[in-house]
1. Of the residues R64, R59, R74, only one is of a type in the set (D, E, K, R) and exposed (fewer than 14 other Cβ atoms within 10 Å of the Cβ); which?
2. Only one of V649, V701 is surrounded by fewer than 19 Cβ atoms within 10 Å (Cβ to Cβ), part of a strand (DSSP E or B), touching a residue at least 40 places away in the same chain (Cβ under 8 Å) and not hydroxyl-bearing (S, T, Y). Can you tell me which?
3. Can you tell me how many residues in region 182-205 are within 19 Å of S306 (Cβ to Cβ) and surrounded by fewer than 23 Cβ atoms within 10 Å (Cβ to Cβ)?
4. Can you spot a residue in region 100-117 that is more than 16 Å from the ligand (Cβ to nearest atom), assigned to a helix (DSSP H, G or I) and under 23 Å from the mean Cα position of the chain (by Cα)?
5. All but one of (1) modelled with pLDDT of 95 or more; (2) in contact with a Leu (Cβ under 6 Å, 6 or more places away or on another chain) hold for L556; state the number of the condition that does not hold.
6. Can you name the residue in region 198-232 that is without any contact (Cβ under 8 Å) to a residue 24 or more places away in the chain and out of contact with any strand residue (DSSP E or B) (no Cβ under 7 Å at 6 or more places or on another chain) and, of all such residues, is farthest from the ligand (Cβ to nearest atom)?
7. Which residue is surrounded by the fewest Cβ atoms within 10 Å (Cβ to Cβ), if the candidates are limited to region 222-266 and must be of a type in the set (S, T, N, Q) and assigned to a helix (DSSP H, G or I)?
8. Pick from V470, V490: which is in contact with a helix residue (DSSP H, G or I) (Cβ under 8 Å, 6 or more places away or on another chain) and either in contact (Cβ under 8 Å) with a residue 24 or more places away in the chain or within 26 Å of C142 (Cβ to Cβ) (or both)?
Amino acid sequence: EAPAGVREVASVCCYCGTGCGVLVETRGGAVARVRGDERHPANRGRLCSKGLALADTVRRDGARVLSAQWRETRAQPMRGIALDRALDIAADRLAETIARHGPDAVGFYLSGQLLTEDYAVFNKLARALAGTNNIDTNSRLCMSSAVSGYKRTLGADAPPACYEDLDLADTVLIAGSNMAYAHPVLFRRLEAARARRPGMKVIVADPRRTDTAAFADLHLPLAPGTDVALFHAMLHVMDAEGLLDHGYIQCHTEGFEALRARAQRYTPQAAQAICGVPAEDIIQAARWFGRAGAALSLYTMGLNQSTSGTDKNAALIHLHLATGQIGKPGAGPFSLTGQPNAMGGREAGGMATLLPGHRDPDSAADREESAALWGVDSLPRTPGATALDMFDAVGEGRIKLLWIAATNPAQSLPDQARVRAALERAEFVIVQEAFAGTETLAYADLVLPAATWPEKSGTVTNSERRISRVRAAIDPPGDAQPDWRLAQAVALRLAARMAPDKATLFAYRDESDVFAEHARTTAGRDLDYSALDYATLHASGPQQWPYRDGQGVARLYADGVFPTPSGRARFCDVDYRPVAEAVSPEFPLRLTTGRLRDHWHTMARTSLARALTQHVEEPWVSMHPDDMRRFKLDPGALARLASRRGSVVLPVQADDSLRPGHAFLPMHWGSAYMAGQGVNALTNPAADPISRQPELKHSAVSAEPA
Ligand code: SF4
């Protein structure tokens, strides 16, 4: 038995979409230690460096927003105010803006780090009360191309595989993912699987020779943005060598012949010319994939953060459909979710392009169903603005009030000059934030103090569709409140001003009420977990969706039936398109961005843990030694990097894991750490036409001594 004053609370790590279970030990109301939870199926007790350092990030010494703040005009400094007063101001400004300019003059920009319950309340506030579909999240920068790839080919936003498949695969194709850094616990699981089964083949497609690529049996160092050509060429080889499963294609898919004809043009030699990968390596990759008893693909931002992100996802999924490598142990296309609850946010419909329960706001029937589930007459029809479009609408004066929660767009969105100009143009900016000092706080008119991990409770869904309980281990500091509570408090006040009969829509007593209402919206849908509640999650532990007959479904589509009108999966006749911004004599370097092992997003939390900041203490740009000579840059010297949008100054490092002509910048540091507006001063806001996800993985830049 634990000594008096010592408690251990089972929860979930708040970083990546692996969703590792943690045990948070508290002593005297403070977090003393965090360790992995052996009972959690996602990690079986393992944690990576970020999870292990969680206790060190729970600090109160000036690191937190402890009270509400307000400034009446931009010329005034922020001053602390009572939380009740701040909630009144938020409701007043929302009501005034809607009355003067209509509901689409307000927007909500949320985060994949919110809990499902947070999303659910914000979503209802935006659509059922404020009357706008202008609600989107930073998940738009993360998984939206994976979503549109799944929906176009398989018919639903649902990763079909599960973590156990990492143990069972014969060939693993990792595309556009440095999972050794971004999903370290899953990477360790893969390492252990290959140690047990030395015949397993690992192929990594990545422009850089990352730690993940160094682990591979075959590294395909493709040029940024050329994945579709690579996957089509693999399909071409498998077709030519008789490695396709024509029985599966015939019984369970449609559209194959058009794609097959297109793939005829992508010979390995043609793909070599586009991708820069030797033809014989493409042939080898295709043979390992096509001859595998079970082939698994793992992929993330390298495919998603692209102007052809949806097509890249589809082209990879085609390889599985054409070989029947889906719906069976060890097989399937498996997107690794970047954020801890991007999945749960989509389930709750907290994005412009979704409604609760994976419904579609463009569908009149889905709007009607959602309205009925929420108990309102109707929902707005006007399409909502997705992330980048929302900031454009703010910059153009169409959205006048923006409410930002749990994200830091003044650092994380591409083309910072444009984003910051938009924030300056906004009439009123509410920033709901836990951590003091984020770049976005500088643009706030009203700050609402938010609770964060491990002070709030709810649920998250990880990459394998598994829902886990997040539990508060300590009380929030100061006036901080859980995000859904702040949204609820403003919603009740707004209802009193605009529509008193709608106050009952927000009469939640606690998180379990929110979850119960949300779970009901999934009934009869592809993700159905209407039978799940907090009591079941407590008694039986984390569960996968769909959840039927008292258990979750590990793998989807085992019966070869897909949630499309015909019941068949779809091959899409997609073609390779180059990146949006070609290199030129003025901007001759291809810049890619990515994560480091020990940091997370804009470092609001990880910068608080000394163990994490020690790994890499400051930002740098890495380049091939040949390029450093070409641009007269010495190792460690300051370089000025410029794109068509902005410039930064930071130290340069030689790195021969990059190919000549390429540069790499970690995504984590903002303008507090480098001259200029941080890494996203450079990046390109051009977006995929379907997913609206921006091409953060490629910009054309120049380099010179600073
Ligand atoms: Fe947390 Fe992801 Fe590391 Fe697991 S792998 S401990 S979820 S950061």
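The values are calculated or read from the model by the stated rules, or taken from the named source; none is laboratory data. Computed from a prediction, not measured in an experiment: that's the story for all the values here. As a convention, Cβ positions derive from the backbone with ideal geometry for all residues, glycine included, and neighbour counts pool all protein chains shown.
1. Being of a type in the set (D, E, K, R) and exposed (fewer than 14 other Cβ atoms within 10 Å of the Cβ) holds for just one of R64, R59, R74, which is R74.
2. Sole residue among the options that is surrounded by fewer than 19 Cβ atoms within 10 Å (Cβ to Cβ), part of a strand (DSSP E or B), touching a residue at least 40 places away in the same chain (Cβ under 8 Å) and not hydroxyl-bearing (S, T, Y): V649.
3. Going through region 182-205 one residue at a time, the tally reaches 0.
4. yes
5. Unmet condition: (2).
6. Ranking the qualifying residues of region 198-232, first place goes to P198.
7. Q250
8. After ruling out the rest, the residue left standing is V490.
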